[in-house]
Every structure is written in C-alpha cells, then in structure tokens.
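**Q** Quick one: the structure is below, and I'll ask about it shortly.
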Amino acid sequence: MSAPVKLAAKRIVVIDDDPITCDIVAATLGAAGYRVDVVHDGDDALESIYGATTDLVILDCNLPGKAGMVVLRDIRGDHMLKSLPVIMLTSRTSDWHARLAFETGASAYIKKPFDPAELVILVARALTGASLPQRAL
C-alpha cells in the first residue's frame, strides 16, 4: 500500500506594509493550511508573485513604492496574471475606493479592521472560483 499523496498548499502573497496586519493574515491563513508569503511594498510585489506559483494575492491600497491600485492594474494587464484572484484588504473605507478597485479588477474588497474568519471563507471561495461579493465587506 502506498502512502497518500499530499497536495501542495496554495500559495498566497500578502502585500501590505503594516506588520500587524501581515502577522494576523499570515497566522490566520497559515492555520487554514495555506502557504503565505509577505511583501511590504508595491515595488517588490510583482517580483514576489512571479517568484513562485501564486494562487491568490491579498493587496493593500496604501503601500510604499508602487501604490496598491497600480499593482492591481499591473496584474490585470499581464496576460499570465490577469485571472489571478486579488482580494483588496485596506483601510480605505469609501465606496469610491471600493468601486475603483472593482473597476480595476479586484476580486473582492475588505475594509480594515476585518474579521479573520471572514477572510478565510473569502479566500477559500476565491480559490475555488466561486462568485465573490461585488461590494465592500
């Protein structure tokens, strides 16, 4: 009898300059079985995404270097990344910012402070291709 095949964990890249948010997201998603890599500025975002197979991105709007919306635009403009799920996780709470994110190609938009359990559910749905709410959470 052969040993069961263990599937590789899905890789999630978290792009956020706030270390507390990064710690909470990494711990929460790590406990749910995901592999989480953290990037702290927009300038290094695409390099990290390309560095290994990436299954999902969690992206802040407010970043040093390249702004989060510019990173999102770059992802959507790249033929290899355009279908990559991108969840915006940001302190920008206006409806205008959420609308802009969706128009630019965000898969979902979560306002800080956030519920970690809700994030896990949203990530799981995004990774399975389930429909996501097209409104800020």
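**Q** Check whether at least one residue in the stretch 55-65 is closer than 16 Å to residue 127 by Cα and among the charged types (D, E, K, R), and report yes or no.
**A** The answer is yes, given that some residue of the stretch 55-65 is closer than 16 Å to residue 127 by Cα and among the charged types (D, E, K, R).
**Q** Right, another one. Quickly run through the stretch 93-132 and pick out the residues that are of a type in the set (Ser, Thr, Tyr), loosely packed, with under 11 Cβ neighbours inside 10 Å and part of a helix (DSSP H, G or I).
**A** 128, the sole residue that qualifies.
**Q** Output the residues belonging to the stretch 28-45 that are open to solvent by 40 Å² or more (accessible area, probe 1.4 Å) and of a type in the set (A, V, I, L, M).
**A** Of everything in the stretch 28-45, those that are open to solvent by 40 Å² or more (accessible area, probe 1.4 Å) and of a type in the set (A, V, I, L, M) turn out to be 31, 32, 38.
**Q** Given the conditions (1) under 16 Å from residue 9 (Cα atoms); (2) modelled with pLDDT of 95 or more; (3) of a type in the set (Ser, Thr, Tyr), report the number of the one that residue 107 does not fulfil.
**A** (1)
**Q** Check off (1) open to solvent by 40 Å² or more (accessible area, probe 1.4 Å); (2) under 23 Å from residue 24 (Cα atoms) for residue 90 and give me the number that stays unchecked.
**A** Residue 90 satisfies all of (1) open to solvent by 40 Å² or more (accessible area, probe 1.4 Å); (2) under 23 Å from residue 24 (Cα atoms) except (1).
**Q** Those residues that are in contact with a helix residue (DSSP H, G or I) (Cβ under 8 Å, 6 or more places away or on another chain), under 17 Å from residue 89 (Cα atoms) and open to solvent by 30 Å² or more (accessible area, probe 1.4 Å), I need them from the stretch 4-27; list them, please.
**A** Within the stretch 4-27, just 24 meets the criteria.
The values are calculated or read from the model by the stated rules, or taken from the named source; none is laboratory data. Since the model is a prediction, treat every value here as computed from it, not as a measurement. Glycine gets a Cβ as well: all are built from the backbone with ideal geometry, and neighbour counts include every protein chain shown. Side chains are part of the model used for accessible areas, which takes the heavy atoms of the whole protein and leaves out ligands, DNA and RNA. Shrake-Rupley method; radii C 1.70, N 1.55, O 1.52, S 1.80 Å.
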